[in-house]
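As structure tokens, the structure follows; a few thoughts come after it.
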Amino acid sequence: MKYIQVWVVALFASLTTLSAAWAQSTKIGDGNIYLSPKAGDRAVPAAQFRTEPMLKTAAQTAQWYSAVLFNPKPEVLYVQPLTVRATPAGFELALPGKEVVPTERRDTEIHYPHSDPLVLSPLAFEPGQPKLAKASDWSVDLEMGQGTDRMLVTVAHGSPYVSVQLSRGDIRLRLPIAGDRYDSGADGRVLALRVKGKPYALFGPTGVRWEIISPTEWIGHMPPGKGYVSAATLPDDKPETLALFTRHAYAFIDATRVDWKFDSASSQVETTFSAITKTMEGADHGPLLGLYPHQWLNNKSVEGKLGQSFETVRGQIKLLPASQFKTTYTYNGFVPFWPGVGDSPRKADLLEVMKTDQRNARRMMLEEGKGPYWQGKGLQRILKLMDVAEQQGDMAARDNLLNLVKKRTEQWLSGEGNTYFHLDKSQGTVASYPEEFFTVEQLNDHHFTYGYWIRAAADIALRDPTWAAKEKWGGMIDLLIADIATPTRGGADFPFLRNFDPYEGHSWASGIGLGTFGNNQESSSEAVNAWAGLILWGEIHGDKKLRDLGLYLYTTEIEAINHYWFDIYGKVFAPEYKNVEVSQVFGGMYSHNTWWIDDPRQIKGINILPITTVSTYLGRDPQFVKRSLASLKPEIANWEARGKSVQPADIWQDIFAQYMGLADPVQGLAQWNRWGSFELGDTRTHALHWLLSLNEMGVPDFTVTADTTLYSVFKRADGSKTYLAYNAGKNPINVKFSDGKSLSVAAGVLGRMQ
């Protein structure tokens, strides 16, 4: 990503020299970025609740802790396994328990609410408004205090500990009800309590004296110069568990870091998680980290090393006494488009719908909404139509569609009229107008929205590399990439991986993170679409760092989806949860719903669309696909029995037919209705081509990998395979597949072998 970083730094340096009197906008190649919103348009919110050093960095939006930056009202943070809340009265921590909540949809939601918290506060001063004091990859420091008085609290994903440092004085602990102190052995530093049946412990410095004031209040009298304490929730109240937690209690997390690398020979992404700790006293025993299911399942590197676990909204979080661990995921590839179909009995149908879609292409490029989400979606839609025309040999149609999309894209990137992009240097973000889905007011959905633009630009660049050069239109696309996926930490231009949560393994959609159950993400598939765009853009530009970043985000997000949205391994969903999949993942809950309607078709489809050649990952578990689609009929019957309806009645039938095609190509094609509805990111042409291709090539084969980035392998019912590989480089390549096959591919060509 060096290419992007260098010009972004140069851009910001140049902006500081511009006079506010005339700095309405500045050129980036042939594009135009506005330095302030146009008249009447909303500005982005200020992330004001940060310490002075943090105010010099780009605002850390769309993270699990982002609510702290924006909201004067205390919000709950879902740290896992803990829930916490920083309030002017003190710092709350709790171990949430499961609640099964019936809904009007006649299903259930699973909640893990913040309730009955313990409250830690300084005795010598009032905590005051919390501010973000430090942000590393999966841990944060929150500062509470006034003047020189300071209470610093550190929390980290997966950690059962909260560490507290006071500038002066003693610490107060308040309980929701009377606590029962249980045996902490001979270690006077430890205060172990059962509160509503849940075990907690506080670990003070040598010389601390714990005094009970009332059944619900304790004071920790701190020795001079040792104003630190850690508090933890424990999986049980056994003496050996308390001894384990005491051993690791004084390794305070100072910073956390995630690093990734891609091995093309094995097609695997290795991710290393490192916690940097500061030993407050005694020997350095390191931290006690909690691994999520996507981190511990099938992970040979931690086998035999994991200890006790917590039941959480993400399933079991298992404890690992270590400062570092690794995960390895296989990247199963994709190609930017599939080849033309052969002599199919439905080929005449394909040619007919192609002609109709080409006539309607201009209208279909923006059928709904006027803002950047719908426009980006429309651009990608027409380019997927273009793919089919090109691969079926209609080059005149290919050129017409390509030029149509180019002109519309250039109009937006030039900032003509009310459609434009705005760089807010004070907060470190790109806003886009006209606003949709609170992308400006709440900084929502940047990866969804800009993912469509990045993918569309990559598809253009495959046909016209000059168009995508930095001095032409590529510079503006680089800016959108930097907005959602800057790998630099602590910079003033953009935050580190804005939407992506490295420890949870998936993205968050809400920019300011408000809500009772924390941040959330609905359309996991649109997040994958964005990361695929990064991979393509990196390949096209020969930018290995950007490509590898895209591969890390892509493979990790897919793994998280298979756990937390689909639960294909059966390790996450509660037995009381009635649906096959989750459509909305929150910090503290999951549900089968959407933000705009409770129609079962749209609830299911939002985590499938957009269907492209990237979507093969959805077919990893064919039986899951069939179970998911089989659940639609009773869900729709239930919905209609409640007096609900939607138009068209078969909404998104094309999406579900293509989804079925990943498990059973024959059934998928039979299910598709040429005259039925189609999702507004898709066309009849693309849907039919997709289904005919799967009938010709077979279903995705995840057992075979390749030593190149852009590849796919399919397997027919008779066991024969189709191998695809695309060469985005300038020289021929020889692709080696893991089953011994090889394929020579010329530059700029999609190679195919059967």
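The values are calculated or read from the model by the stated rules, or taken from the named source; none is laboratory data. Because the structure is predicted, anything quoted here is derived from the model rather than measured. Every residue, glycine among them, receives a Cβ derived from its backbone with ideal geometry; neighbour counts consider all protein chains shown.
Conditions first: (1) assigned to a loop (DSSP other than H, G, I, E, B); (2) buried (at least 16 other Cβ atoms within 10 Å of the Cβ); (3) at pLDDT below 95. Gln5 passes all but one, so which condition is the exception?
(1)
Six or more apart or on different chains, Cβ atoms under 9 Å: show the pairs whose first residue is in region 385-398 and surrounded by fewer than 17 Cβ atoms within 10 Å (Cβ to Cβ) and whose second is modelled with pLDDT of 95 or more and outside any helix (DSSP H, G or I).
Gly393/Gly340
Please verify whether Tyr554 is among the aromatic types (Phe, Trp, Tyr), within 27 Å of Thr488 (Cα to Cα) and part of a helix (DSSP H, G or I), treating the condition exactly as stated.
When the stated conditions are applied, Tyr554 passes them.
Filtering region 32-85 down to residues that are touching a Phe, Trp or Tyr at 6+ places or on another chain (Cβ under 8 Å) and among the charged types (D, E, K, R), which residue is farthest from Leu288 (Cα to Cα)?
Applying the filter and picking the extreme gives Lys38.
So, in region 639-656, exactly how many residues are more than 26 Å from Ala532 (Cβ to Cβ), assigned to a helix (DSSP H, G or I) and touching a Gly at 6+ places or on another chain (Cβ under 9 Å)?
0
Go through Arg50, Arg85, Arg42 for me and flag whichever is out of contact with any Gly (no Cβ under 7 Å at 6 or more places or on another chain) and at pLDDT below 95.
Just one listed residue meets the conditions, Arg42.
Which residues, counting only those in region 420-458, are crowded, with 24+ Cβ neighbours inside 10 Å, over 20 Å from Lys370 (Cβ atoms) and charged (D, E, K, R)?
Selection gives Arg455 alone.
Take region 146-195 and flag every residue that is under 18 Å from Leu132 (Cα atoms), among the charged types (D, E, K, R) and either more than 35 Å from the chain's Cα centre (by Cα) or at pLDDT below 95 (or both).
Asp149
Here is a yes/no grid of residues against (1) among the β-branched types (Val, Ile, Thr); (2) farther than 25 Å from Pro37 by Cβ; (3) in contact with a Pro (Cβ under 8 Å, 6 or more places away or on another chain); (4) part of a helix (DSSP H, G or I):
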{"position": "Leu443", "(1), (2), (3), (4)": "no, no, yes, no"}
{"position": "Thr449", "(1), (2), (3), (4)": "yes, no, yes, yes"}
{"position": "Trp453", "(1), (2), (3), (4)": "no, no, yes, yes"}
{"position": "Leu462", "(1), (2), (3), (4)": "no, yes, yes, yes"}
{"position": "Pro465", "(1), (2), (3), (4)": "no, yes, no, no"}
{"position": "Gly474", "(1), (2), (3), (4)": "no, no, no, yes"}
{"position": "Ala482", "(1), (2), (3), (4)": "no, no, no, yes"}
{"position": "Arg498", "(1), (2), (3), (4)": "no, no, no, no"}
{"position": "Glu504", "(1), (2), (3), (4)": "no, yes, no, no"}
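Quick one: how many residues across region 235-290 are of a type outside the set (D, E, K, R) and in a strand (DSSP E or B)?
Taking region 235-290 as the starting set, the residues that turn out to be of a type outside the set (D, E, K, R) are 235, 239, 241-246, 248-253, 255-256, 258, 260, 262, 264-269, 271-277, 279-280, 282-283, 285-290.
After this cut, where a residue has to be in a strand (DSSP E or B) as well, the list is 251-253, 255-256, 258, 260, 262, 268-269, 271-277, 279, 289-290.
Total meeting the criteria: 20.
Rundown of residues vs (1) closer than 26 Å to Pro113 by Cβ; (2) part of a loop (DSSP other than H, G, I, E, B), yes/no style:
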site	(1), (2)
Ala560	yes, no
His563	yes, no
Lys578	yes, yes
Glu581	yes, yes
Tyr590	yes, no
Thr594	yes, yes
Leu609	no, yes
Gln623	no, no
Ala637	no, no
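Looking at (1) closer than 21 Å to Ile110 by Cα; (2) part of a helix (DSSP H, G or I); (3) of a type outside the set (A, V, I, L, M, F, W, C), which one does Thr616 not meet, given that it meets all the others?
(1)
Among the strands (runs of 3 or more DSSP E) lying completely within region 120-228, list those that include at least 1 residues that are of a type in the set (Val, Ile, Thr). Spell out how you get there, then give the answer.
On the way: elements: 131-135, 139-144, 151-156, 161-166, 171-174, 190-195, 198-203, 209-214, 217-221.
Output list reads 139-144, 151-156, 161-166, 171-174, 190-195, 209-214, 217-221.
Just to be sure I understand the filter: pairs with C-beta atoms under 6 Å, separated by 6 or more residues or on different chains, first member in region 646-658 and surrounded by fewer than 20 Cβ atoms within 10 Å (Cβ to Cβ), second member assigned to a helix (DSSP H, G or I). Which pairs pass?
Qualifying pairs under 6 Å: Ile651/Arg601.
I'd like to check which strands (runs of 3 or more DSSP E) are fully inside region 657-754 and have at least 3 residues that are modelled with pLDDT of 95 or more and touching a Gly at 6+ places or on another chain (Cβ under 6 Å).
Numbers: elements: 711-715, 721-726, 733-736, 742-745, 750-753.
In region 657-754, 711-715 are the strands (runs of 3 or more DSSP E) which contain 3 or more residues that are modelled with pLDDT of 95 or more and touching a Gly at 6+ places or on another chain (Cβ under 6 Å).
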